[in-house]
Amino acid sequence: MSCNVAHESFEDEDVAELLNRNFIAIKLDREERPDVDMVYMAVCRRLTGSGGWPLSIFMTNEGNPYIATPLAGFASEIGLDSAKFENLLNNARSKLFDIRRKRIHPLKDDKILTSWNGLMIAALAKGYQALGDQEYIRAAGKAADFILKNLRTKDGKLLHRYRHGDAAYSGFLDDYAFLVWGLIELHEATFEVSYLEEAIALNRAMLDMFWDEQNGGLYFSGAELSPQQGVVISSCRARCGQTRGAGPFCGKHAPKRWTSHGICV
């Protein structure tokens, strides 16, 4: 396993004594040996129904696993009382924080992506429809209005990212598909016609820019690139099979139903 909490815990003398008294302990760095980690993570999922790291596997002398548990469930399995284990974790966190404070802080990723905002808008709009929380629909509308105002070219095409007042890079397929989806969900939640009109316009632009007339399917990057430069999404399932709003080309994977405008409603 590769985890500071795990390193601190297994270097604790009480834990080490308990493990060495009852087991032959082998510590694995999952980043160095992902092949081995893959095997025992599959074991964990089979035994517990879920997975996660750090992971402890207990095996018989013959190498047959019989207990799989992440570090949070490790204490009870080996007999540590909860208070001692909590103290162990707090000590590890404190040491880790002290070390981190001495390092150069990583840059904060504060860019705004059109595609991710489209997904968020859809989720908030659906959340409002389910729960009636006005804060959800206000946030969805605010995000949609921001994207439509700040991440567009003069001719109405989408841009990919916004940061510190600068919007840049031509929008990709998922920028269009996810934002169209978000706008449709927002229209369904508010009955605001302008969101539906924007969705229709963006969907038409998406088809013009990304549809491969020769082979079918959609390019991930725009039509201004040659087929050699663009990446063709040959599998409908890769995009519009999992994403509503990506165009009426998906056969059995087509989501919901399609209007004459070619958008999903």
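The values are calculated or read from the model by the stated rules, or taken from the named source; none is laboratory data. Not measured: the values here are computed from a predicted model. Every residue, glycine among them, receives a Cβ derived from its backbone with ideal geometry; neighbour counts consider all protein chains shown.
Before moving on, here are some points about what is shown:
- Residue list for the stretch 102-136, restricted to those being in a helix (DSSP H, G or I) and among the acidic types (Asp, Glu): GLU135
- Subset of the stretch 193-223 [among the hydroxyl-bearing types (Ser, Thr, Tyr) and touching a helix residue (DSSP H, G or I) at 6+ places or on another chain (Cβ under 6 Å)]: TYR195, TYR219
- Within the stretch 136-181, tally of residues that are crowded, with 19+ Cβ neighbours inside 10 Å and free of Cβ contacts under 8 Å to residues at least 24 places away in the same chain: 1
- Residue in the stretch 77-100 that is touching a strand residue (DSSP E or B) at 6+ places or on another chain (Cβ under 9 Å) and either modelled with pLDDT under 80 or under 22 Å from ALA16 (Cβ atoms) (or both) present: yes
- Test: residue in the stretch 182-205 that is touching a residue at least 12 places away in the same chain (Cβ under 8 Å), surrounded by 19 or more Cβ atoms within 10 Å (Cβ to Cβ) and under 30 Å from LEU107 (Cα atoms): yes
- Scanning the stretch 59-76 for residues that are surrounded by 15 or more Cβ atoms within 10 Å (Cβ to Cβ) and either more than 18 Å from LEU18 (Cα to Cα) or at pLDDT 85 or above (or both) yields MET59, PRO65, ILE67, ALA68.
- The residues on offer are LEU107, LEU119, LEU131, and the sole one that is within 25 Å of ASP166 (Cβ to Cβ), surrounded by fewer than 14 Cβ atoms within 10 Å (Cβ to Cβ) and among the hydrophobic types (A, V, I, L, M, F, W, C) is LEU107.
- Each residue in the stretch 145-156 was checked for being modelled with pLDDT of 95 or more and either of a type in the set (D, E, K, R) or out of contact with any Leu (no Cβ under 7 Å at 6 or more places or on another chain) (or both), and 6 pass.
- Among the residues of the stretch 164-213, those identified as farther than 19 Å from ILE121 by Cβ and not aromatic (Phe, Trp, Tyr) are HIS164, GLY165, ASP166, ALA168, SER170, ARG204, LEU207, ASP208, MET209, ASP212, GLU213.
- Test: residue in the stretch 107-129 that is among the aliphatic types (A, V, I, L, M), free of Cβ contacts under 8 Å to residues at least 24 places away in the same chain and more than 30 Å from PHE220 (Cα to Cα): no
- Test: residue in the stretch 210-229 that is at pLDDT 50 or above, crowded, with 17+ Cβ neighbours inside 10 Å and assigned to a helix (DSSP H, G or I): yes
- Matching residues, the stretch 163-191, being modelled with pLDDT of 95 or more, in contact with a Lys or Arg (Cβ under 8 Å, 6 or more places away or on another chain) and more than 13 Å from GLY118 (Cβ to Cβ): ALA189
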